[in-house]
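Report on one structure; see the data block that follows.
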Amino acid sequence: MYNQHCYEMGTAPSAIRKLFAYGLEKAKEVGKENVYDYSLGNPSIPAPDAVNESILKLIRESDSVKLHGYSMAGGIEAVRKAVSSDLTVRSGHLIRPQNVFMTCGAAPALLTVLHALCLGPDTEVIVVAPYFPEYKTFVLASGCRLVILPPDIPDFQLNMELLEQYINEKTQAIILNSPNNPAGTVYTEPTLDKLARLLYKKECEFGHPIYVISDEPYRELTYDDLYVPYVPAYYTDTIICYSYSKSLSLPGERIGYICVPDVCTDSKELMGAVAGAARIIGHVCAPTLFQQAIAMCNGVRPDLTAYNKNRLRLWHALEEMGYECARPDGAFYLFVHAPGDDSTAFSEYAKTHYNLLIVPGDSFGCPSYFRLSYCVDYDMIERSLPAFKKLIEEYRPGMK
């Protein structure tokens with residue numbers, strides 16, 4: 001006997017992974033240069049030199065037993081101090097080492113926080129479409145009830161009037177992702193200011209905190225000197241979940257953290273609940289080597305030159321062809337309106353007729369748009385542009 005739900009989750013690949021696998025097989029048939037794969041959001045720039053140098057230094061100069069041994073469950077004290085110091089400088093708000101809990105990336109950080117906040121099966125967590133598809137899995141796995149706020153098209157900010165209707169006495173948290181996967185948008189200061197005023201009002205109305213879970217793996221990936229607002233500066237009941245996967249091109253190393261600032265309601269108790277939730281789900285002691293590597297290069301920022309070159313070329317080329325794109329201010333995604341409002345049909349046509357692998361927006365909660373990951377080779381973008389042009393010129397809704 002086995003858990004049927006787990007079996008279904010394990011044997012049903014995501015639309016993204018399914019497209020990627022299709023591309024690998026298709027490349028064997030027609031040649032890799034003739035398949036235009038925009039499916040995966042896998043960093044395509046190397047980790048900064050400082051990261052590799054810190055790893056080599058640690059291996060050469062550290063006690064091997066200690067280097068590869070367990071750390072405290074919440075992380076090495078010196079690492080938490082380095083992370084908190086960097087956050088304090090960047091945000092202008094005091095963050096202490098006790099406010100930081102090291103994790104194996106943002107996914108377990110989110111799952112841990114959701115477990116820590118779950119008060120029972122009636123606990124509701126709001127996710128804002130378009131959203132990272134795994135949010136649904138994380139929320140349901142924690143025992144909470146998922147509530148999806150429809151997308152605010154075409155700006156992809158927040159529809160406050162609609163959000164107010166979705167909040168009730170059972171609402172425990174709302175997950176924000178800025179810069180956003182898949183839309184590439186950044187929540188503006190006016191948006192966060194309006195959100196804070198709404199949530200403070202609802203906290204008073206219902207008599208309990210409503211937490212914002214700020215999922216920030218793309219925080220450093222913005223363009224044109226755009227500022228990403230520090231969410232706790234606008235709304236104090238904010239918990240930060242962070243990953244170095246995108247900022248330092250370390251997706252395979254699984255390193256990140258949870259931050260519960262002192263200004264957050266019940267912050268001390270909440271951090272205790274985070275530690276307990278981590279024990280329950282078996283998530284303790286993030287990789288010791290990479291904790292220390294992060295501490296050594298915590299102030300390093302990514303060189304976004306290659307991503308920005310890809311962003312501008314693809315974005316402007318598609319808009320000249322007649323595609324409608326959400327403004328890509330951050331991350332490395334372009335979110336594009338599908339002709340006919342059916343991204344599944346459009347994406348399937350693009351795949352079968354032009355070997356263009358584009359991700360339909362259904363799993364992101366936005367079925368009228370599709371996602372392009374532009375963390376790819378620039379040459380592939382150039383080769384794919386004629387296919388995009390032919391596609392929009394010939395596609396008609398309802399075509400087989």
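The values are calculated or read from the model by the stated rules, or taken from the named source; none is laboratory data. Since the model is a prediction, treat every value here as computed from it, not as a measurement. Reconstructed Cβ throughout: ideal geometry from the backbone, glycine too, with neighbour counts over all protein chains shown.
Residues in segment 106-136 that are part of a helix (DSSP H, G or I) and either touching a Leu at 6+ places or on another chain (Cβ under 7 Å) or of a type in the set (S, T, N, Q) (or both): Thr112, Ala116, Lys136.
So which residues in segment 362-399 are among the aromatic types (Phe, Trp, Tyr) and surrounded by 20 or more Cβ atoms within 10 Å (Cβ to Cβ), if there are any at all? Give the steps one after another, and end with the answer.
As a first pass, look at segment 362-399 and keep what is among the aromatic types (Phe, Trp, Tyr): 364, 369-370, 374, 378, 388, 395.
Within segment 362-399, Phe364, Tyr369, Phe370, Tyr374, Phe388 qualify.
Of all residues in segment 119-132, none are modelled with pLDDT of 95 or more, surrounded by fewer than 16 Cβ atoms within 10 Å (Cβ to Cβ), β-branched (Val, Ile, Thr) and under 20 Å from Ile240 (Cβ atoms). Among the conditions (1) in the same structural domain as Phe346 (by TED's automatic domain parsing); (2) of a type in the set (Ser, Thr, Tyr); (3) assigned to a helix (DSSP H, G or I); (4) modelled with pLDDT of 90 or more, Ser39 misses just one, which is (3).
Among the residues that make up segment 141-156, is at least one of them within 26 Å of Tyr223 (Cα to Cα) and touching a helix residue (DSSP H, G or I) at 6+ places or on another chain (Cβ under 6 Å)? It would help to see each step written out before you state the result.
We begin by selecting, within segment 141-156, every residue within 26 Å of Tyr223 (Cα to Cα); these are 151-156.
With touching a helix residue (DSSP H, G or I) at 6+ places or on another chain (Cβ under 6 Å) added as a condition, the list becomes none.
No, every residue in segment 141-156 fails to be within 26 Å of Tyr223 (Cα to Cα) and touching a helix residue (DSSP H, G or I) at 6+ places or on another chain (Cβ under 6 Å).
Within segment 26-40, residues that are under 17 Å from Cys375 (Cβ atoms) have Cβ atoms under 6 Å from residues that are at pLDDT below 95 and in a helix (DSSP H, G or I) in these pairs: Val35/Gly23; Val35/Lys26; Val35/Ala27; Asp37/Gly23; Ser39/Ile16; Ser39/Leu19; Ser39/Phe20; Leu40/Phe20, counting only partners at least 6 apart in sequence or on another chain. Among all residues of segment 66-83, there is at least one that is surrounded by fewer than 12 Cβ atoms within 10 Å (Cβ to Cβ), of a type in the set (D, E, K, R) and either closer than 12 Å to Thr288 by Cα or not assigned by TED's automatic domain parsing to the domain that holds Ile381 (or both).
Can you confirm whether Thr88 is surrounded by fewer than 24 Cβ atoms within 10 Å (Cβ to Cβ), out of contact with any strand residue (DSSP E or B) (no Cβ under 6 Å at 6 or more places or on another chain), of a type in the set (Ser, Thr, Tyr) and within 30 Å of Gly299 (Cβ to Cβ)?
Yes.
Go through the residues of segment 313-321 one by one and say whether even a single one is of a type in the set (A, V, I, L, M), over 30 Å from Leu248 (Cα atoms) and more than 25 Å from the chain's Cα centre (by Cα). Yes, some residue in segment 313-321 is of a type in the set (A, V, I, L, M), over 30 Å from Leu248 (Cα atoms) and more than 25 Å from the chain's Cα centre (by Cα). Taking segment 8-42 as the range and being more than 25 Å from the chain's Cα centre (by Cα) and not aliphatic (A, V, I, L, M) as the test, the residues that pass are Glu25, Lys26, Lys28, Glu29, Gly31, Lys32, Glu33, Asn34.
For segment 86-98, which positions are assigned to a helix (DSSP H, G or I) and either free of Cβ contacts under 8 Å to residues at least 40 places away in the same chain or farther than 21 Å from Ser245 by Cα (or both)?
We begin by selecting, within segment 86-98, every residue assigned to a helix (DSSP H, G or I); these are 86-91, 97-98.
If the condition is that a residue be assigned to a helix (DSSP H, G or I) and either free of Cβ contacts under 8 Å to residues at least 40 places away in the same chain or farther than 21 Å from Ser245 by Cα (or both), then Thr88, Val89, Pro97, Gln98 are the ones that fit.
Taking the conditions exactly as written (modelled with pLDDT of 95 or more, within 21 Å of the chain's Cα centre (by Cα), surrounded by 17 or more Cβ atoms within 10 Å (Cβ to Cβ) and among the basic types (Lys, Arg)), does Arg327 satisfy them or not? No: the conditions fail for Arg327.
Against the definition (out of contact with any Ser or Thr (no Cβ under 9 Å at 6 or more places or on another chain), more than 28 Å from Val228 (Cβ to Cβ) and not polar (S, T, N, Q)), how does Lys26 come out, yes or no? So Lys26 fits the description; yes. Within segment 147-175, being surrounded by 15 or more Cβ atoms within 10 Å (Cβ to Cβ) and either of a type in the set (Asp, Glu) or assigned by TED's automatic domain parsing to the domain that holds Gly330 (or both) holds for one residue alone: Asp152. The single condition among (1) in the same structural domain as Gly276 (by TED's automatic domain parsing); (2) part of a helix (DSSP H, G or I); (3) exposed (fewer than 12 other Cβ atoms within 10 Å of the Cβ) that Glu25 does not satisfy is (1).
In this structure, Asn177 does satisfy being within 14 Å of the chain's Cα centre (by Cα) and at pLDDT 95 or above. Of the residues making up segment 221-255, those that are within 16 Å of Gly299 (Cβ to Cβ) and touching a strand residue (DSSP E or B) at 6+ places or on another chain (Cβ under 9 Å) number 4.
From the list Pro209, Pro133, exactly one residue is within 23 Å of Ser14 (Cα to Cα) and not acidic (Asp, Glu). Which is it? Let's see the steps before the verdict.
Numbers: Pro209 fails: within 23 Å of Ser14 (Cα to Cα).
The unique qualifying residue is Pro133.
Does Lys309 satisfy being assigned by TED's automatic domain parsing to the domain that holds Tyr70 and charged (D, E, K, R)?
Working: assigned by TED's automatic domain parsing to the domain that holds Tyr70: no; charged (D, E, K, R): yes.
No; evaluated as a whole, the condition is false for this residue.
Would you confirm, using the coordinates I've provided, whether Leu146 is in contact (Cβ under 8 Å) with a residue 24 or more places away in the chain and either in contact with a Gly (Cβ under 7 Å, 6 or more places away or on another chain) or of a type in the set (A, V, I, L, M) (or both)? No: the conditions fail for Leu146.
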